[in-house]
Structure formats: C-alpha cells, structure tokens
Amino acid sequence: MQNINLDITKAAQFLSEGAVKAYESKVKAAQEALENGTCPGNDFLGWIHLPSETTEAFLDEVEATAKVLREKCEVVVVAGIGGSYLGARAVIEALGNSFAWLVNDKKNPTIVFAGNNIGEDYLAELTDYLKDKKFGVINISKSGTTTETALTFRLLKKQCEDQIGKEAAKEVIVAVTDATKGAARAAADKEGYKTFVIPDNVGGRFSVLTPVGLLPIAVAGFDIKALVKGAADMEKATAVDVPFEQNISALYAAVRNGLYAEAGKKIEIVANFQPKLHFMAEWWKQLFGESEGKDNKGIFPAACDFTTDLHSMGQWIQQGERSIFETVISVEQPNKKLLFPHDDENLDGLNFLEGKRVDEVNKMAELGTRLAHVDGGVPNIRISMPELNEYYLGQLIYFFEKACGISGQLLEVNAFNQPGVEAYKKNMFALLNKPGYEADSKAIQERLAQEK
C-alpha cells in the first residue's frame, strides 16, 4: 500500500536556504524525548505506540458492541465534547454519505452528536427527534462531570429509560470512561452499562484511536481494523530511526516551525478540496490549538473548505496580511465518478468541460489556487492521500499526532496539557453558584458591579 505524501517545496522556498534541514537535530531530540518519555507532559504519551499495541481481540470486542447497537438502534447519539467526539465525527463524516440524513440506511443507525454545546434549542430539537426513535447512547467522558456532556447525558438517559424501560436502556447505553474513578464510571457500574476505558495516558485530542473514536466509527459501519492498520503503518513510517528527509511528520513539524520563527507566519490554514474532510480540519484545529497555544506562543490553527471558502475567504488569503501559510489536504482519487454533461444551448459556456470528470475540474481549481496563493506570498504545504478510506485516514490521523508531539517541543511548550481551558469553567461555575465556588462567585459579582 502507498503512504500519504507530503510536499513542502512551496513552503520551504519562503525560508532561507537550508532552514528546514537546520531543524534536523532539534527534531531528532524531540522524537527521542517522546520515545523515552523525558518531555513535559510525559504522563500523556500513550498514543505514541497505541496503533501497534492495539490487539485484534480488542478490536473484535469493540465491533461486537457496535453490532449490538446497530441491531437495536435506529439512532445512536454520541455524547462528548472536544477530543471525545471530534475524531469520531471526522472519520464518520469523511467516509459517510454526504446526505446521510436523507438516506434510508437499514444496515447502520444514524449517528448524531451531542454533549458538545449547551444550546437549549439544539437539545430540545434532539429530544423531539428521538421521541419516536429506537435510540442508544455512547456517553464519552473520563470524569462524567464535564458540563456539556453530563447535562446532555442526563437528558438522554431519562428519555431512553422513559421510552423503553430501564432494563432495555441498559443494553443500548455504553460508557467510554475512566477505568476506576469518576461520576461516569460510578454511574456505569451502578446501572450495569457496557463500558470501555479511556487510557489514563492518552489525552482527549489524541484519543481517536481508542474506544473514544473506534466505537462510534464501528457503529457507523466503518472498518476500524483498517483505520488502526493505517495508523500503525504511519507509526513505523515516522519512527525515531527513520531518516529526517523521509519522515513526513518530522518534516511537517520542522517547516511549520520554520515559517513561524523565521518568516513570521502566525496562522496556519488547513484547506481541503474535498468537503467530506470538513470535520477532519475541525479535529486538527483542536489537536494543534490545544497542544501549542501556551505561554503566549503558538501558530493559530484555522480551516477553510475550498472551493467554497474561496468565495468568502479567498480575497483575504490572496491579498490580506502576509501572516499566514496553508496546508492543503488533497485526495488523489475520489470514490465516485461523475462526468460533466453536454448542453445544446451552452448558455453557461461550459461545453468545453463536456465529458470531463468533475474531479478533474476540482483538481485544476486546486492547482490554480495553489499557484495563485504562492504567487501572493502564501507558503503552501501539500498533503496528498491516494484515496479517502479508513486506511489512509488512519495514516493521516497518526501523521498529525506525531507531528504535533514534535512541534510542541520545537516550540518549547507542554503539548499535552490544557490549563487555559479551565478558566472559563471556573467563571461559569461561580456564576451558576455551584457549591464550592462561593468565593469566586462573590469576586465575580463584585467585578460585574464595578463594571456597570
């Protein structure tokens, strides 16, 4: 099988000669620190060898649980936020039918995502939608107390039990949580839910290849063994002993840090010309944003869907402030074939495209955009996937994870914590008068009074 490919030539040309090569020793040291567990955040390095250490028997267990949910449910709600849902959604959206909500698929349930916001209208509409449906829930939470997910699960648990009874609900509610502690673990043990463990040494944004991602992906009917195989092959291809020039995760980490430090490029736009990759970019944004945005450092991760966003963001990218670079994810071969038709009147003037595949038009749009943006001063990195399937998505996921681990060390931050995420939670709990936050509540009320 081929591997995904990385082309950095249209990015390296914006750096001084030899600038990427100059990162080789730093990258090597970063890789060794990851491998030896000597870097900051070393208690969260379980993802590094996760693909190669995942057993066939474990994947069989995940698939068996997925089969139960597929047989018993018309709809399965995945309740989780951040890394507890983005990876699964990225893979499911990439592989699924773009019009799945209109397709009457008798084989696999409809997958719905919730627990990632506190929108009352959203949740009310979800519960209305589920009223006449046979539905199950995959509750993904290590602690069981994350506000968005816990609130949603409480609603869904009650509705499921009200609709089919407590005993039947136990068969269609699965908890993916901590091995021994936390509210979600306590609830699962008390109610007798099937459970899977989120490993202690794998953070949420690196967890897509654990049951966090694997179970929803399997319920959706996709091949998790091929996904893990792709990641395992990329684990080998980006290992510490692979030469720098051949290690695409190392090269990606080096060139993006070179653009940041030497060329002043503060924003990375991940773009795709395949709309199915929209949520892959959303997953990537969390992976790099939460890993690198610390100590007043970090490349800002943004995303665009091309050609759609060329009609909204294209002007800014072409001629705005030169603080950006692009990473384009390209799919070489689409899974479907559609030819451009002839029209006798030719009012739109497009008969010159007659007989061409739609993807050929798309590829020329991609190439034309790349040339224009590079000419406009935007460095361009290109990642190409032979096709969109489980195997290559597994490769892509691990490629980005390894590059992120390396990149965080080049930036000299702890890529595996997220202390800034707690700030809004502290204020929210104080404003809601949560027990234990009385002092914070008083301080915020005094501050708000002063600001009036």
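The values are calculated or read from the model by the stated rules, or taken from the named source; none is laboratory data. From a predicted model like this one, the values you see are computed outputs, not experimental measurements. With ideal geometry, Cβ positions are generated from the backbone for all residues, glycine too; neighbour counts draw on all protein chains shown. When the accessible area is computed, the model is the full protein with side chains, heavy atoms only, and any ligands, DNA or RNA have been set aside. Shrake-Rupley method; radii C 1.70, N 1.55, O 1.52, S 1.80 Å.
How many of the residues making up the range 297-313 are more than 15 Å from Thr369 (Cα to Cα), aliphatic (A, V, I, L, M) and open to solvent by 30 Å² or more (accessible area, probe 1.4 Å)?
Adding up the residues that qualify gives 1.
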(message) Pairs needed: first member in the range 403-427, farther than 30 Å from Ile248 by Cα; second member anywhere, assigned to a helix (DSSP H, G or I); C-beta distance under 7 Å; at least 6 residues apart or different chains.
(response) Lys426/Asp440; Asn427/Ile444
(request) State all residues of the range 51-66 that are out of contact with any helix residue (DSSP H, G or I) (no Cβ under 8 Å at 6 or more places or on another chain) and either within 30 Å of Lys107 (Cβ to Cβ) or not charged (D, E, K, R) (or both); if no residue qualifies, say none. (result) Thr55, Ala57, Phe58, Asp60, Glu61, Ala64
(request) Select the helices (runs of 4 or more DSSP H) contained entirely in the range 206-304, then report the ones holding at least 2 residues which are in contact with a strand residue (DSSP E or B) (Cβ under 8 Å, 6 or more places away or on another chain). (result) 211-219, 248-261, 278-292
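For every residue, the table says whether it meets (1) under 17 Å from the mean Cα position of the chain (by Cα); (2) over 19 Å from Glu292 (Cα atoms).
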position: Ser384; (1), (2): no, yes
position: Glu387; (1), (2): no, yes
position: Tyr391; (1), (2): yes, yes
position: Gly394; (1), (2): yes, yes
position: Glu401; (1), (2): yes, no
position: Cys404; (1), (2): yes, no
position: Gln409; (1), (2): no, no
position: Val413; (1), (2): no, no
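What residue, among those in the range 393-417 that are assigned to a helix (DSSP H, G or I) and open to solvent by 10 Å² or more (accessible area, probe 1.4 Å), is farthest from Leu50 (Cα to Cα)?
Leu410
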(request) Working only within the range 17-36, note down all residues that are open to solvent by 50 Å² or more (accessible area, probe 1.4 Å) and within 28 Å of the chain's Cα centre (by Cα). (result) Glu24, Lys26, Lys28, Ala29, Glu32, Glu35, Asn36
(request) Could you tell me whether any residue of the range 9-16 is assigned to a loop (DSSP other than H, G, I, E, B) and open to solvent by 80 Å² or more (accessible area, probe 1.4 Å)? (result) yes
(request) With the checklist (1) closer than 27 Å to Leu367 by Cα; (2) of a type outside the set (Asp, Glu); (3) in contact with a helix residue (DSSP H, G or I) (Cβ under 7 Å, 6 or more places away or on another chain) in hand, flag the one item Gln286 doesn't pass. (result) (1)
(message) Where the second residue is open to solvent by less than 20 Å² (accessible area, probe 1.4 Å) and not in a helix (DSSP H, G or I) and the first is assigned by the TED database to the domain that holds Val331 and aromatic (Phe, Trp, Tyr) and lies in the range 248-276, which pairs have Cβ atoms under 6 Å and are six or more apart or on separate chains?
(response) Tyr260/Ile299; Phe273/Phe306
(request) Answer with yes or no whether Thr145 is crowded, with 20+ Cβ neighbours inside 10 Å and either part of a helix (DSSP H, G or I) or touching a helix residue (DSSP H, G or I) at 6+ places or on another chain (Cβ under 6 Å) (or both). (result) no
(request) Working carefully through the options Ile164, Ile118, Ile81, Ile92, find the one that is surrounded by fewer than 24 Cβ atoms within 10 Å (Cβ to Cβ) and either touching a Pro at 6+ places or on another chain (Cβ under 7 Å) or not assigned by the TED database to the domain that holds Ala218 (or both). (result) Ile92
